[in-house]
Structures are given as structure tokens and as C-alpha cells.
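No lab work stands behind these numbers, since they all come straight from the coordinates. Please read all numbers here as calculations on a predicted model, not as lab measurements. Here the Cβ is made from the backbone with ideal geometry for all residues, glycine too, and neighbour counts use every protein chain on show.
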Amino acid sequence: MKKPIHEQTDAQPADKAPPPDLLESDNRESDQFSNSPEFDDAPLAEGAPAQSGRLVGIFLMGFLAAILLSALSYFLVIRPRGNNPVAPTASNSDQTIPEGGSLVNATGLNLETQHPDGTILRVEGISFDSTKTTVHLTAINTKNPGEGRIRLNQTWGTIRNTMVLKDGFGGEYPLIAAGGNPDFEVKPGQTITGAFNFSGKMNPAARTVTLVTNSKGGSPTNSISQTPLIQLQIPVSHTYP
């Protein structure tokens, strides 16, 4: 009698469960990857690209605003203005006097002023050259004899030649004092007439030349002063080639 033959297969019975250690290993590996941030199942925020675009736009607007502000500051503050209301000085006198222009000598003038102390100054002419300005001047002391003499070019210590011409731009041209009468003294009732020289070439931009006596220490109002401060403006003309 033959024994039955049994065929061996690799199939595992359905009711036979896998080893416990395999199940635990599979579960641990599954939990490890599922809890990792790289495998987050949450969907990406849809607003992220829009927010990035807004930030770029804000940056560009700020950059353009800074450029516009810099340009506005340049035109309003930094850039020199074309119309300069400041009066010309000796260094930029060509703004009012064309190159080659010169001051015109004048004669026959009759410009006069009187100080409260009775001193009269009268200018009859003015002339200019490269080293000096000459004023044709009459000075009269109307005081009675014995009331006191006047000095129009008083020396104060080390300050000499206080009788000057002023050009209107800060320039001063002192009197070249005469050797016999350096203080320009005029006795009571006396009249002195002459051509008085002032040192230096006159600024060609000058519109007026002001004669000033005793410019340092003189009195403009004292009726009994012996050192009167007197100012007399002399208008001047120009010629152009």
C-alpha cells in the first residue's frame, strides 16, 4: 500500500500571523517618517507668493521715494540759484561791469553836506587811475575865530589816515596825507580847497564812492565836535569799449 504524497508549497497559511517583532518594526518605521517635518501632510499656504510680491513692491516704492527726495533736495537747497540777489563784490564785479569797463572822471560837481558843528564839505570833481583816486574838495570851518579848529583826518594813537573813500563793497581807500597838514586841520573861518589823493585803485564795480572824515572815532552829531564824522556820497559813471 502506497503512502500519500504531500506537495510542499511556500504559501503560508492565512491564519498564521507574522512574527510580532516584524509588525512592531514596520509600525516604528511608519511612525518615524510620518512624524518627520519633511513629510508634513499640511498643504502649503496659498498666500505666501502674494505676500512676497507685496514686500518687493514696498521696497521698490521706498527706493524710488528716496531718489525723488534726493533730487528735490538738490534743486531746492544744494544747487546754486541762477539769480543771485546779493550785490556784486570786487571778486565778481564782472557781473555788473563788462570786461574793459572803467570809471569815468567827473568835473563840475556840486555835492555838499554840512555837519552840526558847522563844518561844510563840498565835492567839485573826482578822477581815477590805476594807483589812486583823486577828489577835488573844499572844506569850510564856519565857526567864529576862537571857537575851535577842526580836524578831518584825525590820528588816534596808531590809527592814521581816518579820512577815507568807501566803494560800497567793504573796500576802503585812505587819504594820502599832505606833509604839511597830515590831520587836515581847518581853522575857524578858514576855507581849504584842493585835490586830495586816496590810495589804491577804485573797485570798477562801484556805483557810488562815499567820502568819510574821521571814520575812526569821529562824532556824527556833536555840535561842538572838533573831529566831525561826515559822510558824502559821490555818484560815479562807467564807460564801456
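Among T131, T227, sorting on how many other beta-carbon atoms sit within 10 Å of each Cβ, with the fewest leading, yields T131, T227. With all pairs of separate Cα atoms included, segment 102-239 yields a Kirkwood hydrodynamic radius of 15.0 Å. The calculated FRET efficiency for T239 paired with A178, based on their beta-carbon distance and R0 = 22 Å, is about 0.10. Exposure proxy shown here: for S130, S215, S102, the number of other Cβ atoms within 10 Å sets the order, fewest to most, as S130, S102, S215. The residues M61, M202, M163, when put in order of fewest to most other Cβ atoms within 10 Å, stand as M61, M202, M163. Compared with the alpha-carbon gap, the fully stretched path from T131 to N222 is longer by 29.3 nm at 0.36 nm per residue.
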